[in-house]
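Asks: After the structure tokens below, expect a handful of questions from me.
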Number of protein chains: 2
Amino acid sequence: MPVNYATPTPAALFPVAGVRLGTAEAGIRKKDRRDLTLVELAPGSRAAGVFTQNRCCAAPVTLCREHLAGDGSLRALVINTGIANAATGEQGMVAARATCAAVASLLGCAAREVLPFSTGVILEHLPVDRLVAGLPAAMADLKADNWHAAAHAIMTTDTVAKAASRRIELGGKTITVTGISKGAGMIRPNMATMLGFVATDAEIAAGLLAQLARDAADQSFNCITVDGDTSTNDSFVVIATGASGLEVDIASPHWPALRAAVFAVAQELAQAIVRDGEGATKFISVKVGAGGTAEECRQVAYAIGHSPLVKTAFFASDPNLGRILAAIGYAGIADLDAAGVRVWLGSNEKNADEEVLVSEHGGRAASYREEDGSRIMKNAEITVRVDLGRGTAAATVWTCDFSYDYVKINADYRS
Amino acid sequence: MPVNYATPTPAALFPVAGVRLGTAEAGIRKKDRRDLTLVELAPGSRAAGVFTQNRCCAAPVTLCREHLAGDGSLRALVINTGIANAATGEQGMVAARATCAAVASLLGCAAREVLPFSTGVILEHLPVDRLVAGLPAAMADLKADNWHAAAHAIMTTDTVAKAASRRIELGGKTITVTGISKGAGMIRPNMATMLGFVATDAEIAAGLLAQLARDAADQSFNCITVDGDTSTNDSFVVIATGASGLEVDIASPHWPALRAAVFAVAQELAQAIVRDGEGATKFISVKVGAGGTAEECRQVAYAIGHSPLVKTAFFASDPNLGRILAAIGYAGIADLDAAGVRVWLGSNEKNADEEVLVSEHGGRAASYREEDGSRIMKNAEITVRVDLGRGTAAATVWTCDFSYDYVKINADYRS
């Protein structure tokens, strides 16, 4: 059960002019499930993406980078679940290229205008014949209002489909930003997470779109962790179809609002992944401030967010908060003065507890009472706020707790 | 149940001339358990230690460093379980000093000749009055053959006591090396682990002893991980009483044998911690070779050893080996060529399976068969061997799998 998250209804996912989506059952790994998604983009569409920094990245990630190296003009995305096509060597590249060629042939575009994405088991070969055989059905299913179906078709261990949508008025036009994502485990994105797609019908120039994709990832998918494992297939793509007829550049008065809408959709999608984290029962925001650099704040936030001991204490609703201090201590800030660190516990929920100061001067805060910690730890949404007492930089990481079900899901996966 | 480990019998733990140990029930955190250990050392004994690099280190760690800053001469160790005396600020230092002063007063030595050690819950204050009140009983219990009892008295979430002992003949004398350790969770030592003590009756000069402690830690406690959490209290101390009358220096023909005996005891103690890792059902050796530097080999070995996905796959005996490739890929070697990496799976057990090549050329090895992987994964001892194809450096990390019981133990601890 995801933590305070439900998939938006189909009607709440606004179509993006210039985008049609179709899904099909290709039998990639399992029968009787829609495991193939085709996204068709109108001529003139552009895309930019950020991808995993995993050195054993998947073949489709390598091919996405290659296909986006030009001017970013794009006509289609093709996404399969079941097999990640990662650690598949040369044969994996051949399969990814064959997939793009098949889509290009069906849609009448160039293969380099198609981006391929795969998610699933690593070290197994993609059954490219079955994938290609499923494409006509996906093409026949292409519809502008298929975002909800596509969000479902890209799931693997996800328990809910993840999607978000915004409509804003810009210059007398209605501009839409809609996106979907998937992911629940192997989540510690280091550029972006396992499959996130956001599209808008605004027109955005290639260079600016690339910057938008990077910035949106940094404010969303690059702030989450479930288990600290960086996937081989992390991909986040922002698409601008231009089909609304509104061109937005960095000097435009519309840019801040469009940028904010893309950020909001990306952040909602990223947080949804944590809320649906494998075995998650709680959603934890770790906010680290007063740091010397944003990077050291991120280090501390991730140390807390990755610690199995911290995460199991959250699962148990046990205010065993010394584990947070220990994680801060080993986060890698060599000259950290423990006496200058302060830690608060609070809740994200409205009308919930005020923040409680847990630790200062290198020890337990004099005002801290165990019952306050216990009360907050029972919430489904918890904020850990850390003040490093070294500067003005800050960073936030969103994570979840660590439960029996994480082990169950990952011990059972594949079998 | 630890993986292929049982505590040596009392008779297999050879007394070290110049060392007497006593234990007592001080009621530090729980009643009716021996939670206080006193180790008395003969005049002329020296010690050297390595300690956690956690910036939120415990008060006793700070005091140990202070007390070892001189010539290393030492008369006693005092160890309590239940409360870690970590993240306890100034009051924690006062408690640690009071503990040393009380021991010094009982034994008639200087407070700086006493090293204090604490292990247990962080962020709670040490009940120093109860500790001091327990000291006379521990003193009355002092015996040379109490290593077995002391190994039990320093346990927290450990399911077995950990001890190791060697006797070697050097220059017509019998020299003994005996040690104990504790630890099962919060194990990713970064200098040494949560309480390891090794004593010998050889005489070793202060500078050489310090080097020996560092080298022994690097070959033992610095090669293990259970959950990636570096403790606030990690301490590893090597003691040389000199009571055998044999002085060994670096030029001595006896040095290599003595060094090897200390290494062997330290390694046995460190591996025992992993074998008794919280919830462990398997013991995994990760051996990374052909690296550019030892440090990058360690990075890769720890990335594999820390990955919850790899560890749950081992728990499930599921050869989902793409997870190992993913961990190698995100270990942080920016210019790693995935196509040059090879991975083998094998067993530590005698008469067990030969090594199986799992992956090469960036993908699954042509010769690899799933049934070979499945057969090896069923073993209680498994070796993952990685060849980075970049150089000649190597590193080994020992770890365990990740089971339901890890979550259970850490969600329940304290409650």
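Asks: Based on the alpha-carbon gyration tensor of the range B:283-412 and its eigenvalue square roots a ≥ b ≥ c, which shape applies: rounded if a/c is under 1.5, prolate if not and a/b is larger than b/c, or oblate?
Replies: Numbers: a/c = 1.71, a/b = 1.24, b/c = 1.38.
Because a/c hits 1.5 or more and a/b fails to exceed b/c, the range B:283-412 counts as oblate.
Asks: Give the average, rounded to an integer, of partner chain Cβ atoms located within 10 angstrom of each Cβ in A:121-131.
Replies: 3
Asks: Then there is this: How do the peptides A:82-89, B:149-156 rank, highest first, by the average count of neighbouring beta carbon atoms within 10 Å per residue?
Replies: A:82-89, B:149-156
Asks: Another question, then. Greater than 21 Å separation of Cα atoms is the criterion. Which listed pairs, A:Lys408/B:Lys311; A:Lys311/B:Lys30; A:Lys31/B:Lys311, meet it?
Replies: Table pairs above 21 Å Cα-Cα are A:Lys311/B:Lys30; A:Lys31/B:Lys311.
Asks: Where both residues lie in the range A:283-412, what percent of DSSP beta bridges are antiparallel, nearest 5?
Replies: Once the DSSP bridges in the range A:283-412 are tallied, antiparallel ones form about 70 percent.
Asks: Which of A:Ile324, A:Ile224, A:Ile239 moves the most in a Gaussian network model of chain A with Cα springs under 10 Å?
Replies: Result for chain A, Cα springs under 10 Å: A:Ile324 fluctuates most.
Asks: Can I ask one more? Set the Förster distance to 45 Å, then compute FRET efficiency between B:Arg65 and A:Leu142 from the Cβ-Cβ distance, nearest 0.05.
Replies: That pair, B:Arg65 with A:Leu142, gives E of 0.10.
Asks: Give the shape of chain A as rounded, prolate or oblate, defined through the alpha-carbon gyration tensor: a ≥ b ≥ c are the square roots of its eigenvalues, a/c under 1.5 means rounded, and otherwise the shape is prolate if a/b is larger than b/c and oblate if not.
Replies: prolate
Asks: Compute the separation of the alpha-carbon centres of the range A:19-37 and the range B:1-56 and state it in Å as a whole number.
Replies: Cα centroid to Cα centroid, the span is 61 Å.
Asks: Can you list, shortest first and in nm, the gaps between the label point of B:Asp129 and those of its counterparts in the other copies, using a point 7 Å from Cα in the C-beta direction?
Replies: 8.2
Asks: Taking 8 Å as the Cα distance limit and 6 or more residues as the minimum spacing, I'd like the relative contact order of the range B:277-415 as a percentage. If you can, show how the numbers build up before the last one.
Replies: On the way: 280 pairs, mean separation 64.8, N = 139.
Normalised by residue count, the contact order of the range B:277-415 is 47 percent.
Asks: Which distances, shortest first and in nm, link B:Asp32 to the matching position in the other copies, using label points set 7 Å out along Cα to C-beta?
Replies: 5.4
Asks: Over all residues in A:354-360, what is the mean tally of Cβ atoms on other chains that come within 10 Å of each residue's Cβ?
Replies: For peptide A:354-360, the averaged partner shielding equals 1.
Asks: Okay, moving on. Looking at chain B, identify the longest residue range that excludes and avoids all trypsin sites (Lys or Arg not before Pro) in DSSP loops having at most 13 other Cβ atoms within 10 Å.
Replies: B:32-349
Asks: Quote the relative contact order of chain B in percent (integer), defining contacts as alpha-carbon pairs under 8 Å separated by 6+ residues.
Replies: 18 percent
Asks: Looking at the square roots a ≥ b ≥ c of the eigenvalues of the Cα gyration tensor of the range A:94-163, which shape do they give, rounded for a/c under 1.5, prolate if a/b is larger than b/c, or oblate?
Replies: Here the range A:94-163 falls in the oblate category.
Asks: Count, for each residue of A:89-98, the Cβ atoms from other chains sitting within 10 Å of its Cβ, then give me the mean as a whole number.
Replies: On the way: counts 10, 4, 4, 3, 1, 0, 0, 0, 0, 0.
Average neighbour count from other chains, rounded to a whole number: 2.
Asks: Follow-up. Given R₀ = 60 Å, what would the calculated FRET efficiency be for B:Glu354 paired with A:Asp218, taking r from the Cβ atoms and rounding to 0.05?
Replies: With R0 = 60 Å, the Cβ-Cβ based efficiency is 0.80.
Asks: Report the relative contact order of the range B:4-92, percent, no decimals, based on alpha-carbon pairs under 8 angstrom and at least 6 residues apart.
Replies: Values: 109 pairs, mean separation 26.5, N = 89.
About 30 percent, as a whole number.
Asks: Separate question: Provide the percentage of antiparallel DSSP beta bridges, counting only those with both residues in the protein assembly as shown; round to the nearest 5.
Replies: Roughly 70 percent of the beta bridges in the protein assembly as shown run antiparallel, per DSSP.
Asks: Could you tell me how far the Cα centroid of the range A:265-337 sits from the Cα centroid of the range B:305-362, in Å?
Replies: Computed from Cα coordinates, the inter-centre distance equals 27 Å.
Asks: Please report, for B:Glu354, the nm distances (one decimal) from its label point, 7 Å out from Cα along the beta-carbon direction, to the equivalent points in the remaining copies, shortest first.
Replies: Values, ascending and in nm: 7.2.
Asks: So for the range A:262-310, what are the equivalent ellipsoid semi-axes in whole Å, largest first, each being the square root of 5 times an eigenvalue of the Cα gyration tensor?
Replies: Here the semi-axes work out to 21, 17, 7 Å.
Asks: Can you tell me what share of the DSSP beta bridges in the range B:10-275 is antiparallel? A percent to the nearest 5 is fine.
Replies: On the way: 33 of 47 bridges.
Rounded to the nearest five, the antiparallel share is 70 percent.
Asks: Take the Cα pairs of the protein assembly as shown, get the Kirkwood Rh, then feed it into Stokes-Einstein at 37 °C and 0.692 mPa s and tell me D in µm²/s.
Replies: 117 µm²/s
Any read-out appearing in this document is the output of simple, stated calculations on the displayed coordinates, not a laboratory observation. Predicted model, so just to flag it, every value in this text is computed and none were measured. Glycine also receives a Cβ, built like all others from the backbone with ideal geometry; neighbour counts cover every protein chain displayed.
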